[in-house]
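Take a look at the structure set out below.
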Amino acid sequence: MIRPNIAAMQGYVPGEQPQAGKFIKLNTNENPYDPSPSVLRVVREFSADSLRRYPDPTAAAFRTCAGDILGIPPDWILCGNGSDDILTIATRTFVGEGEHLRTAYPSYILYKTLADIQGASTETVDFDEQWHLPESFLRPAPGLKLVFLANPNSPSGSCLAPDVVEHIARQLDCPLLVDEAYVDFAETNCLQLVRRCDNVLVSRTLSKSYALAGLRFGYVVARPAVIEQLQKVKDSYNCDAISIAAATAAIADQAWLRTTTARICATRSRAAEQLSQLGLCVQPSQANFLWCTHPSKSLRAVYEALKNQRILVRYMAYDRWPEGIRITVGTDDQMDACVGALRDILAGPM
Ligand SMILES: *Cc1c(COP(=O)(O)O)cnc(C)c1O
């Protein structure tokens, strides 16, 4: 009864979500700080009447507010139930059965899952050791209908400059979706490319920098002609009323965003320095996590040892790539605990 492509696929496995309070949780790039107080106020004061009615199908309140802040008209924005919903909508809009999409490797694993569901194939192009992309990433190909680029990338935290991304977009003859889930922790962004290149879409999420992973809200910026097509594919009420109201309050509080992201970036520099001193190779990061490899120790064993001490990080073993752990940047105290535990673990026999 099951479509063969569904039966054959692995399915995306999200990072572990253990019971609250038991672990220092540095495995899924959540923000360690509470969201803006104005978000909590909106959620607390939400009216029965607004729950009784269907939500605005286009989340106009959010689009207007975000448009003002980003300097783009609201009809260039489409909202989603998390940015994963945006990625799903884009895949369903652009890629048909038997066609393919392209992603860099290693990167966000969900892209392949979306292709699998669609009955499409995934072509991966490996990053080089400096986390740059070879020419083959920009080459048009028959049946290639969509290219995903996480920028900043996960697990590396590396970020391609906007002029490099523009060069990629101009060589391709299909849409390029720049997934900017971590962009608020980066020095640059590609939002202006949406105006400059008609095949660029930029997606963002409130899950990481706005500390709202539980809320589920993301959006994509693209030309109105593209938004109009994406709109046909999304669920009619893909964003619920509470999330629209809360997301609008969140993006309106840019002072909160600046303070919180600056704090996380400061902790990131400090932690990167300390982790390097322990002998880990720490990739310079423009995101809220640090990708660490080690010249000789087994990082799977290190991950397990950390977990035994109730510190949860993400262990990753990609084909053709050294294994590593991705450590979310938490509070200074959480990072001190993590660095302290790693110091003992790495000093031991392993
Ligand atoms: C976390 C993440 C997302 C998805 O975030 P949502 O919670 O679905 O908004 C998208 N892309 C990348 C690269 C991510 O790391």
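The values are calculated or read from the model by the stated rules, or taken from the named source; none is laboratory data. Quantities reported herein were computed from a predicted structural model and do not represent experimental measurements. Quick reminder, even Gly has a Cβ in these numbers, built from the backbone with ideal geometry, and neighbours come from all protein chains shown. Ligands, DNA and RNA are excluded from the accessible area calculation, which covers all protein heavy atoms including side chains. Shrake-Rupley method; radii C 1.70, N 1.55, O 1.52, S 1.80 Å.
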From Ile117, Ile69, Ile89, grab the single residue that is at pLDDT 95 or above, of a type outside the set (Ser, Thr, Tyr), crowded, with 19+ Cβ neighbours inside 10 Å and farther than 30 Å from Thr293 by Cα. Ile89
Please enumerate the residues belonging to the stretch 181-209 that are open to solvent by less than 20 Å² (accessible area, probe 1.4 Å), within 14 Å of the ligand (Cβ to nearest atom) and in a helix (DSSP H, G or I). Val183, Phe185
Picking from Ile244, Ile227, the residue that is more than 16 Å from the ligand (Cβ to nearest atom), in contact with a Phe, Trp or Tyr (Cβ under 7 Å, 6 or more places away or on another chain), of a type in the set (A, V, I, L, M) and closer than 30 Å to Cys197 by Cβ would be Ile227
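Being farther than 19 Å from Leu70 by Cα, open to solvent by less than 30 Å² (accessible area, probe 1.4 Å) and either among the β-branched types (Val, Ile, Thr) or out of contact with any Ser or Thr (no Cβ under 9 Å at 6 or more places or on another chain) (or both) narrows it down to one residue among Leu149, Leu144; which is it? So that I can check it myself, show each step before the final result.
Values: Leu149 fails: either among the β-branched types (Val, Ile, Thr) or out of contact with any Ser or Thr (no Cβ under 9 Å at 6 or more places or on another chain) (or both).
Only one candidate qualifies: Leu144.
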Exactly one of Ala262, Ala246 is surrounded by 19 or more Cβ atoms within 10 Å (Cβ to Cβ) and either under 25 Å from Tyr33 (Cβ atoms) or in contact with a Pro (Cβ under 7 Å, 6 or more places away or on another chain) (or both), and that residue is Ala246
Any chance you could count how many residues in the stretch 189-211 are touching a residue at least 40 places away in the same chain (Cβ under 8 Å) and either within 16 Å of Phe289 (Cα to Cα) or touching a helix residue (DSSP H, G or I) at 6+ places or on another chain (Cβ under 6 Å) (or both)? 8
Which is modelled with pLDDT under 95, open to solvent by less than 40 Å² (accessible area, probe 1.4 Å) and farther than 29 Å from Asp34 by Cβ, of Gly324, Gly348, Gly279? Gly348
Looking at (1) within 16 Å of the ligand (Cβ to nearest atom); (2) outside any strand (DSSP E or B); (3) surrounded by 21 or more Cβ atoms within 10 Å (Cβ to Cβ), which is the one condition that is false for Trp131? (3)
Candidates Val339, Val313 - the one that is assigned to a helix (DSSP H, G or I) and of a type outside the set (Phe, Trp, Tyr): Val339
